[in-house]
2 protein chains.
Amino acid sequence: MFLVNTNHTLTQINWQSYRNDVKAINTMINDASGPGGDFLGWRDYPKTYDKKEFAKIKRWANYVRTNFEVLVVAGIGGSYLGARAAIEAINGLRNNDSIEIIFMGQTLSPNYIYQTLEYLKNKKFAVNVISKSGTTTETSISFRLLKQMLEEKLGKEEASKAIFATTDAKNGLLRELANKEKYVTFNLPANIGGRFSVLTAVGLFPLACADIDISKLMEGAYDAMKEYDNGDIMTNQCYQYAVIRDHFYRTGKKVEMFVTYEPQFRELGEWLKQLFGESEGKEELGLLPDSAVFSTDLHSLGQFIQEGSKILFETIIYPRIPNNDVEIPKDDEDLDGLNYIAGKKLSFVNEKAFLGTLEAHTADGKVPNIIIEMDEMNAYNLGHLFYFFMRACAMSAYLLHINPFNQPGVEIYKKNMFHLLGKKGY
Amino acid sequence: MFLVNTNHTLTQINWQSYRNDVKAINTMINDASGPGGDFLGWRDYPKTYDKKEFAKIKRWANYVRTNFEVLVVAGIGGSYLGARAAIEAINGLRNNDSIEIIFMGQTLSPNYIYQTLEYLKNKKFAVNVISKSGTTTETSISFRLLKQMLEEKLGKEEASKAIFATTDAKNGLLRELANKEKYVTFNLPANIGGRFSVLTAVGLFPLACADIDISKLMEGAYDAMKEYDNGDIMTNQCYQYAVIRDHFYRTGKKVEMFVTYEPQFRELGEWLKQLFGESEGKEELGLLPDSAVFSTDLHSLGQFIQEGSKILFETIIYPRIPNNDVEIPKDDEDLDGLNYIAGKKLSFVNEKAFLGTLEAHTADGKVPNIIIEMDEMNAYNLGHLFYFFMRACAMSAYLLHINPFNQPGVEIYKKNMFHLLGKKGY
């Protein structure tokens, strides 16, 4: 993986002026001496993770794959986005090789929950409920509904064998409930926040159920951990990315748009929006994270990016090698005028759309682009990418003098909601 | 449908200062005397649309529903987003009552196209190809692949009975091809641009295939057309919305975030992003349109909205009555602590999340909110809503002295791409 300079981005930046800050912040990350230092469990996790639990995750995932048609993952925020992003990024949007993974617990929508319950009525499904505390309203409600449905279908004992809980090792309502009902459980480390948890059991169990090679994922993250573990801005590409986005922010950009050319990376954009938005969006600071899927969205947002308000820059995530490919067939009559690319692969055309857009946006549109390229989107490279962004995010927030690891603003709507719902104490 | 004032938004605005402009622009819209006046076909379309073709659409949709398992809609931009937004908004994300509608032609992704073709191999599917000119690369490539697949499966003659083309009445490659192959065709009016075309055959045929009542849709649009057809800013809520967003833009907001509380309205957000982004994003002006689905995204973007950079305002689309509902069951042990809302409906809880968030964002977060409420999301109200936004969009762009109906910036990446692909003349 590497960053590519476009539009002379890299040469515009005064790297020397960042040298000392980056070095000091890297030390702060490594010795956990900065704000939020208690939540740096993710930093060495690709090395320190519990190998015994890892084996247990694989074993139970195998059990789920063998015995069920559907896994329902019940979680929200960091207990939802990482797993969904990874499963779609690797397996695509219409994969028939693994069991089906669907998501609940991420919404209060009566329509979504009604239709999902209807859909599950005649399926053999297991549930993975994910919540550190067990008090998240969205997830608890969905889980109560799913639990009752399973118990009605299978009886209490069999139902408890179809439920897997990912939660705090010792504390919280979900831990108590899981112990009492004798669910198989996986631990959510206390020193890792939701948006940094994709490489823990939170992501690993659903991914393993989706037949994704989680060992390769952790290997990729491990190699990234080693690669980005130094404070030298001249060589550390992860921190170079953090500095470039800091530079754009300080020179007037308001929005970072994460762009891909694959519909199956759409949810990766959502994961990135949480990671950066929730880490940096404090004290009336921070870039608004946004996302788009090209070339689809060139036919909707393309006009704005090209010629509208100059408030954004783009960060492109581009695997050079597609997981699948299709050749454009010849047509004897050529009524659609496409024979000039007959015999070419779709990946070839998609790449030309990428390169043509890059030129259009950077040269004509004066919209700076950062490109993060890799060979292909497999488990190894995705593990690398997840780690790359988490570490870059920590550096970015600290460059703004912001604690990357808290989210005080998320509680306000909850308090208001609990008050309106008549919950005791609110 | 009506707008609700929150956070004293409406009283902050100097309505008198907009009075003359709004009146003049409304006249300009009604007599088509402004820039882009040739593309105002959508304005009276709910009244002037071709009733004979409308009946033909219904007839063939019935044929498709009876004879096929899947309809593949092949289009991009305005030939994709409106139909997808409407079908999901009305039918939801897991609907089993209509035939399946899937989309192709909106991407060059080899992964997406490979998996979709694999998925279709054993399905009985029809195709609706939508393109004004027939030269849109994404759509043409997908259509060539789908056409060859059908012809291999069914033979040329039977295949031609499974293909429906929506295109210009007289001109263009797709019109020629459709005439030659004797496809059933529907007309894309020459004086309606892509992002204003959802109420034409572009949207109507897929919607009718999805068993949505397109007569009710047109009725809703017709009533909206009558309601918003006057230049009085003091009574016309559609123009009030346009003026409020203009006010926010001129007083420093950079982003309009369209928010819903239903996952099945996510694509409605995408339709809105094209409508406003492509209409206003010119001459380095315009609000960046963004979208979010709450409460899901309160656990990702919520922190930024609450406490991050003060660059955005929110426009909430909120139907008060859900299409389906679910009661939260009682649990004797109450291990999850939810019994305080047992017996309540999910719609009740979702509404409290909405009201709690409204208070959190507007009062604590100083983020202005505009609310567009309706009773329920049905075909009639959706028709109304589509028209409301299209008319508001025309007013908005003209308030910025921008032609709402062209999109010159979209061509630049295409030219570069064609050059790189070696297309003749580029």
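The values are calculated or read from the model by the stated rules, or taken from the named source; none is laboratory data. In this text the structure is predicted, and so the values were computed from the model without any measurement. Cβ placement follows ideal geometry from the backbone for every residue including glycine, while neighbour counts extend to all protein chains displayed. What goes into the accessible areas is simple: the full protein's heavy atoms, side chains included, and nothing from ligands, DNA or RNA. Shrake-Rupley method; radii C 1.70, N 1.55, O 1.52, S 1.80 Å.
Distance from the Cα centre of region A:262-296 to that of region A:18-61, in angstrom?
After rounding, the separation between the Cα centres reads 22 Å.
Mind giving me the FRET efficiency for B:Gln237 and A:Glu411? R0 is 35 Å, r the Cβ-Cβ distance, nearest 0.05 is fine.
The formula returns an efficiency of 0.55 here.
Taking the Cα atoms of region A:331-398, what is the range of coordinates along each of the three principal axes, in descending order and whole Å?
For region A:331-398, the Cα spread along each principal axis is 60, 34, 13 Å.
Suppose you put the label 7 Å out from Cα in the Cβ direction; list, shortest first and in nm with one decimal, how far A:Arg250 is from each other copy's label.
Shortest to longest, the spacings are 3.5 nm.
As an exercise, use a Förster radius of 41 Å and the Cβ-Cβ distance of A:Glu327 and B:Glu327 to find the FRET efficiency, rounded to the nearest 0.05.
Computed FRET efficiency for A:Glu327 and B:Glu327 comes out at 0.20.
At a Förster distance of 35 Å, what's the computed FRET efficiency of B:Glu100 paired with A:Lys52, Cβ-Cβ distance as r, to 0.05?
0.20
Normalized C-alpha radius of gyration of region B:47-173, against 2.2 N^0.38 Å?
In units of the 2.2 N^0.38 Å rule of thumb, it is 1.05.
Over region B:1-123, what relative contact order in percent results from Cα pairs under 8 Å that are six or more residues apart?
Taking the mean separation of contacting Cα pairs over the length of region B:1-123, I get 21 percent.
For the protein assembly as shown, restrict the atom set to alpha-carbon positions and state the Rg and Dmax in Å.
When restricted to Cα atoms, the protein assembly as shown yields Rg and Dmax of 26.1, 74 Å.
Which of the aspartates and glutamates could be linked to B:Lys352 by a straight reach, that is with a Cα gap under 18 Å, when you skip same-chain ones fewer than 8 residues away?
Straight-line reach from B:Lys352, under 18 Å: A:Glu138, A:Glu411, B:Glu262, B:Asp297, B:Glu314, B:Asp325, B:Glu327, B:Asp364, B:Glu373, B:Asp375, B:Glu376.
With label points built 7 Å along Cα→Cβ from the Cα atoms of B:Gln16 and B:Lys182, find their separation and express it in nm.
That separation, rounded to one decimal, is 7.0 nm.
Arrange the residues B:Tyr380, B:Tyr228 by how much accessible surface each exposes, largest first, with a 1.4 angstrom probe.
B:Tyr380, B:Tyr228
Rounded to the nearest 500, what is the protein assembly as shown's calculated 222 nm mean residue ellipticity when only DSSP H runs of at least 4 contribute -39500 (n - 2.57) each, over all residues?
When only DSSP H runs of four or more count, the value is -14500 deg cm²/dmol.
Can you list, shortest first and in nm, the gaps between the label point of B:Lys170 and those of its counterparts in the other copies, using a point 7 Å from Cα in the C-beta direction?
Once sorted, the set of distances for B:Lys170 reads 8.1 nm.
Counting each pair of different Cα atoms once, what's the Kirkwood radius of region B:106-225 in Å, rounded to one decimal?
One over the average 1/r among Cα pairs gives 15.5 Å for region B:106-225.
Residue separation times 0.36 nm, minus the C-alpha to C-alpha distance between A:Thr251 and A:Thr135: what's the value?
Additional length available on full extension: 37.6 nm.
Multiply the residue gap between B:Thr66 and B:Asn122 by 0.36 nm, knock off their C-alpha separation, and tell me the result in nm, one decimal place.
Computed gain between B:Thr66 and B:Asn122 is 18.4 nm.
How are the alpha carbon pair distances in region B:198-260 distributed across 5 Å bins from zero to the largest one, expressed in percent?
4, 14, 16, 14, 16, 17, 12, 7, 1
Taking the Cα atoms only, what angle lies between the long axis of helix A:15-30 and the longest principal axis of chain A, rounded to 10 degrees?
10
State, in square angstrom and to the nearest 100, the accessible area buried between chains B and A, both chains counted, probe radius 1.4 Å.
10800
Using only C-alpha atoms and all pairs of different ones, pull out the Kirkwood radius for chain A in Å with one decimal.
Result for chain A stands at 22.9 Å.
Could you compute how fast region A:229-364 diffuses translationally, taking Rh as the Kirkwood radius over C-alpha pairs and applying Stokes-Einstein at 37 °C with viscosity 0.692 mPa s? Give it in µm² per second.
In µm²/s, the coefficient rounds to 191.
Report, in degrees rounded to the nearest 10, the 0 to 90 angle that the Cα long axis of helix B:81-91 makes with the longest principal axis of chain B.
Rounded to the nearest ten degrees, it is 70.
Heavy-atom accessible area of A:Arg250 with all protein chains present, probe 1.4 Å, nearest 10 Å²?
Counting only protein heavy atoms, A:Arg250 exposes about 140 Å² to solvent.
Using just the Cα positions, wrap region B:159-227 in a convex hull and report its mean projected area in square nanometres, one decimal place.
5.5
Please determine, in degrees from 0 to 90 and to the nearest 10, the orientation of helix A:137-154 with respect to the longest principal axis defined by the Cα atoms of chain A, where the helix direction is its Cα long axis.
Result, in degrees: 50.
Can you work out the accessible area per residue across the protein assembly as shown, with the rest of the protein chains kept in place, probe 1.4 Å, in square angstrom?
Computed with neighbouring chains in place, this is 34 Å² per residue.
Ignoring any ligand, DNA or RNA, what whole percent of the accessible area of region A:72-203 comes from carbon and sulfur when the probe is 1.4 angstrom?
The computed percentage sits at 47.
My understanding is that a pair violates if its Cα-Cα distance is over 20 Å; which of A:Lys254/A:Lys282; A:Lys51/A:Lys124; A:Lys132/A:Lys170; A:Lys273/B:Lys345; A:Lys226/A:Lys253 do that in this structure?
A:Lys51/A:Lys124; A:Lys273/B:Lys345; A:Lys226/A:Lys253
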